[in-house]
């Protein structure tokens, strides 16, 4: 193996994640894990946290694929009018141009690992929002209790 071609991986822990609400009244928060600014590649990876009853606004992407892995909770995903229940352990892949939203229908917060490739300005949209903190419940779900 050629050692000169080895790239040092980027490692972050939940304490390093920057979290935002895209708009002040949004009922979901996004904690950026990796994006093009930190990973040197065109992707956005975040943990999306939905309050009880919270949801994303209906949205679409021109050319990006978006994947959701449900870390905890339950809800519904709607894409181009098709509605499906989602729960812990489920995965959802939204193709480009699909108008979609995720809604928390459970009795507790809904957590998803959300990945968009390519970035399509998603990280910039998130970072333009209102900074928020992750609380003890969030840190417990992410596997790291707050100090």
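Every read-out reported here was derived from the displayed coordinates using simple, explicitly stated rules and does not represent laboratory data. Because the structure is a prediction, the values reported are computed rather than measured. Because the Cβ atoms are built from the backbone with ideal geometry, glycine has one as well, and the counts that use them run over all protein chains shown.
Tabulated results
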| quantity | calculated |
| --- | --- |
| Residue-averaged 222 nm ellipticity for the chain, from DSSP H runs of 4+ at -39500 (n - 2.57), nearest 500 | -2000 deg cm²/dmol |
| Inverse mean reciprocal Cα-Cα distance (Kirkwood Rh) of the range 17-147, Å | 14.7 |
| Percent RCO, i.e. relative contact order, over the chain, from Cα pairs under 8 Å lying at least 6 residues apart | 29 |
| Förster radius 22 Å - calculated FRET efficiency between residue 91 and residue 40, Cβ distance, rounded to 0.05 | 0.30 |
| Estimated FRET transfer efficiency when R0 is 25 angstrom, pair residue 59-residue 10 (beta carbons, to 0.05) | 0.35 |
